[in-house]
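Trainee: Handing you a structure now.
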Amino acid sequence: MSAPNPAMAPQLSSRTPSGIEVPVALSARDVEPAAIGAPGRYPFTRGIFPDGFRGRLWTVRQYSGFGTAEETNARYRFLLERGQTGLSVALDLPTQCGYDPVDPMARPEVGKVGVSLSSLAEMEALFAGIDLARISTSFTINGTAAIVLAMYAACADRRGVARERLTGTIQNDILKEYVARGTWIWPVAPSLRLIADSILFANDAMPRFNPISIAGAHVRDAGCTAAEEMAYTLANGLAYVDELLARGGDAARFAQRLSFFFYVHMDLFEEVAKFRAGRRLWARLMKERYGVEDPRAQMFRFGVVCGGSSLVAPQPYNNAVRVAVETLAAVMGGAQSIFTCAYDEPFQIPTEFSAELALRTQQIVAYESGVARTVDPLGGSYYVEWLTDRMEEEMRAIMARIEQRGGARKAIEEGWLQAQVARRALERKRRVDSGELPVVGLNCFAREDGAHAFGETFRVDPQSAARVLERYHALRERRDNAAVERELASLQAAAARGGANLMPRLVDCCHAYATVGEMVERLKRVWGEFREPASL
């Protein structure tokens, strides 16, 4: 196939990005009205709340974090002053992968793609002047999620904030890390144990906090279709439910705090149908597979990112339009939390200007567009109802293939699921390169001169890493290192014994100002590290 002329208009496809062939027209004959249901009622196709956003608007979060805790704290204050209603914490790669900033593996990445958060001291600085009892905080962290959750609980303890008042979400989804991102640390089995520990701990100690956000977002950004994103995520969700049940958990209780997390891409109707179908399918699975009758435990609560790999560097201001379309899809799909990417995120940390514009996008959609005025505004559309049914069929078929492999856990341990994602990523790349998948400004309607104009540039302070290291060394000098050693030894012994919930010991380690790297290393001594299997 010859390369496309990037200046010419592409041909409209009759298929959605998930490969579903769309009829030219649909009618009442294609829709079963009884299957649509009512908002706030099982199987929740039209949303989990009967009054939609009229009762409460979605949480407006902007994902942010860079450099030092103090620098990120200043950005949080900037966004909160401009109407953001929740925080979304971006952590740097060393924190995500369990390295302290002094580790040779960590030094080049300290504070680069998120804030460095190596100890309770950094957590205290990150939230200085922010009321933990009044703000909902989301942490995008996985391998070290239990440690960060323990750190947040310890921070609240130090502030005198009762743990039961804490609200927010921690991603804590290690299965999708094995599949799509790679910030794993330990093997699958002990990682699942730690996730179950954190969920069971939070159910008792932090009952308003969502201790996991099962994330399809990263498999989507890795190249999967909308149907695959949802199917892989629900399959991972079932694996977590099975692990919790094996630990003696009560599904009617712990399922009330399970949440999900997705990307929103550019096919507006497919994205809306994805969320409606996923919400319905999860409710049915909880009821039919696990016998859960409490509607609160059947509900599919989810947050989204509008942006990600759908944004491109060429003609970057086009990304602001993309994010607006994706925000509409998120709202009409019934998201509980929304983060809108800034137009410059394909090539830099957002500036204050671009971050504020992304925030304003949510606010314009919320207060000017009218789409939040009624529940499920696209419900009853022939196309949307038909597409919702087709998406559920696609999801069920994909999940059935995973079940044939022995479930998500086994499919990951054998490398099968990783191979599926890799193949789909290659396919998507070829579709973009050929022009079959149009991306305005990249492979169609491109600038002949190749100019990619954009506004101001954001640069992380080059001294930020040095300040992080200085604070790290100062902490180690002033803390009670004997107490740190006692708590770390207790953590390691408990991990070796098995059975005991490790979260209280992680909280104790945090209170002693043990570092992320120190806690991770003690658990590595017991559990070892994950080794990626060869792709099939």
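The values are calculated or read from the model by the stated rules, or taken from the named source; none is laboratory data. From a predicted model like this one, the values you see are computed outputs, not experimental measurements. Cβ atoms come from the backbone with ideal geometry, glycine included; neighbour counts cover every protein chain shown. Just the protein is used for accessible areas: all its heavy atoms, side chains included, with ligands, DNA and RNA removed. Shrake-Rupley method; radii C 1.70, N 1.55, O 1.52, S 1.80 Å.
Trainee: Keeping all protein chains in place, calculate the accessible area per residue for segment 164-270 (probe 1.4 angstrom), answer in Å².
Mentor: That works out to 23 Å² for each residue.
Trainee: Next question. Looking at this model, which pairs from 112/429; 176/524; 112/410; 176/429 are more than 25 angstrom apart at the alpha-carbon?
Mentor: 112/429; 112/410
Trainee: Kindly report the accessible area of segment 322-428 per residue (heavy atoms of protein chains, probe 1.4 Å, no ligands, DNA or RNA), in Å².
Mentor: Values: 4250 Å² over 107 residues.
Using a 1.4 Å probe on heavy atoms only, each residue of segment 322-428 averages 40 Å².
Trainee: I'd like the distance separating the alpha-carbon centroids of segment 236-285 and segment 51-122, in whole Å.
Mentor: Segment 236-285 and segment 51-122 have Cα centres separated by 25 Å.
Trainee: Additional query: Collect residues whose amide H, placed 1.01 Å from N in the peptide plane, falls under 5 Å from the amide H of residue 263; neighbours closer than 5 in sequence don't count.
Mentor: Amide H neighbours of residue 263: 217, 305.
Trainee: Name the trypsin sites (Lys or Arg not before Pro) in segment 474-536 that are in a loop by DSSP and that have at most 13 other C-beta atoms within 10 Å, would you?
Mentor: Counting only loop positions with at most 13 other Cβ atoms within 10 Å, the trypsin sites (Lys or Arg not before Pro) in segment 474-536 are 531.
Trainee: Can you give me the angle between helix 516-527 and the longest principal axis of the chain, using Cα atoms only, in degrees from 0 to 90, rounded to the nearest 10?
Mentor: Long axis of 516-527 versus the principal axis of the chain: about 90 degrees.
Trainee: Output the Cα-based Rg and Dmax of segment 317-439 in Å, rounding Rg to one decimal and Dmax to a whole number.
Mentor: In order Rg, Dmax, the Cα atoms of segment 317-439 give 18.7, 49 Å.
Trainee: Once label points are set 7 Å from the Cα along Cα→Cβ at both residue 247 and residue 296, what is their separation, rounded to one decimal in nm?
Mentor: Between residue 247 and residue 296, the simple spin-label model gives 2.0 nm.
Trainee: I've got another one for you. Which whole-number percent is the relative contact order of segment 32-75 (Cα, under 8 Å, 6+ apart)?
Mentor: 19
Trainee: Sticking with this one: At a 1.4 Å probe, what is the % contribution of carbon and sulfur to the accessible area of segment 453-518?
Mentor: 50
Trainee: Would you calculate, for the chain, the mean residue ellipticity at 222 nm contributed by helices, counting each DSSP H stretch of 4 or more residues as -39,500 (n - 2.57) and dividing by all residues, to the nearest 500?
Mentor: Numbers: 19 runs with 246 residues, N = 536.
When only DSSP H runs of four or more count, the value is -14500 deg cm²/dmol.
Trainee: Based on C-alpha coordinates, I'd like the Rg and Dmax of segment 362-419, in Å.
Mentor: Just the Cα atoms of segment 362-419 yield Rg and Dmax of 18.5, 49 Å.
Trainee: On the protein heavy atoms, probe 1.4 angstrom, tell me the percent of accessible surface of segment 143-257 carried by carbon and sulfur.
Mentor: About 43 percent, which is the carbon plus sulfur part of the accessible surface.
Trainee: By how many degrees, 0 to 90 and rounded to 10, does the Cα axis of helix 464-478 deviate from the longest principal axis of the chain?
Mentor: Once rounded, one gets 30 degrees.
Trainee: Also, I was wondering about something else. Would you mind calculating the relative contact order of the chain from Cα pairs under 8 angstrom and at least 6 residues apart, reporting the percent as a whole number?
Mentor: 22
Trainee: How about segment 11-81: which trypsin sites (Lys or Arg not before Pro) there are in a DSSP loop, with at most 11 other Cβ atoms within 10 Å of their Cβ?
Mentor: On the way: sites: 15, 29, 41, 46, 54, 56, 61, 75, 77; in loops: 41, 46, 56.
Loop-located and lightly packed - 56.
Trainee: Hey, another quick one. Ignoring ligands, DNA and RNA, what accessible area per residue does segment 4-109 give at 1.4 Å, in Å²?
Mentor: That works out to 50 Å² for each residue.
Trainee: Here's something else I'd like to know. Averaging over every viewing direction, what projected area does the convex hull of the Cα atoms of the chain cover, in nm²?
Mentor: Average of the hull's projected areas for the chain equals 24.6 nm².
Trainee: Per-residue HN-Hα couplings for segment 103-113, Karplus 6.51 cos²θ - 1.76 cosθ + 1.60 at θ = phi - 60°, whole Hz, x for Gly and Pro?
Mentor: Per residue, the Karplus-derived 3J(HN,Hα) values read 5, x, 5, 8, 3, x, 10, 4, x, 7, 10 Hz.
Trainee: Return the equivalent ellipsoid semi-axes of segment 375-480 as a descending list in whole Å, where each equals the square root of 5 times an eigenvalue of the C-alpha gyration tensor.
Mentor: Semi-axes from the Cα gyration tensor: 41, 31, 20 Å.
Trainee: At a 1.4 Å probe radius, carbon and sulfur cover how many percent of the accessible area of segment 334-429?
Mentor: Working: 2110 of 4190 Å².
It is 50 percent, rounded to a whole number.
Trainee: Please check the chain for the longest run free of GluC sites (Glu not before Pro) that are loop-located per DSSP (anything but H, G, I, E, B) and have at most 13 other Cβ atoms within 10 Å.
Mentor: 1-292
Trainee: Ok, one more. Would you kindly derive the ³J(HN,Hα) couplings of segment 85-99 from the backbone phi angles with the Karplus curve 6.51 cos²θ - 1.76 cosθ + 1.60 (θ = phi - 60°), listing them in order in whole Hz, with x for Gly and Pro?
Mentor: For segment 85-99, the Karplus curve yields 10, x, 9, 10, 8, 8, 9, 6, 4, x, 5, 4, 9, x, 10 Hz.
Trainee: What residues have an amide H closer than 5 Å to that of residue 442, excluding those fewer than 5 places away on the same chain, when H is modeled at 1.01 Å from N in the peptide plane?
Mentor: Correct list: empty.
Trainee: Could you list the trypsin sites (Lys or Arg not before Pro) in segment 361-431 that lie in coil according to DSSP, counting only those with at most 12 other Cβ atoms within 10 Å of their Cβ?
Mentor: Hits after loop and neighbour filter: 373.
Trainee: Consider just the alpha-carbon atoms of segment 450-528 and return their Rg together with their Dmax, both in angstrom.
Mentor: Calculated on Cα positions, Rg and Dmax stand at 19.1, 61 Å.
Trainee: Considering amide H positions built from the backbone, and no H for Pro or chain starts, which residues 5 or more places from residue 138, or on another chain, come under 5 Å of its amide H?
Mentor: Residues meeting the amide H criterion: 87, 88, 89, 169.
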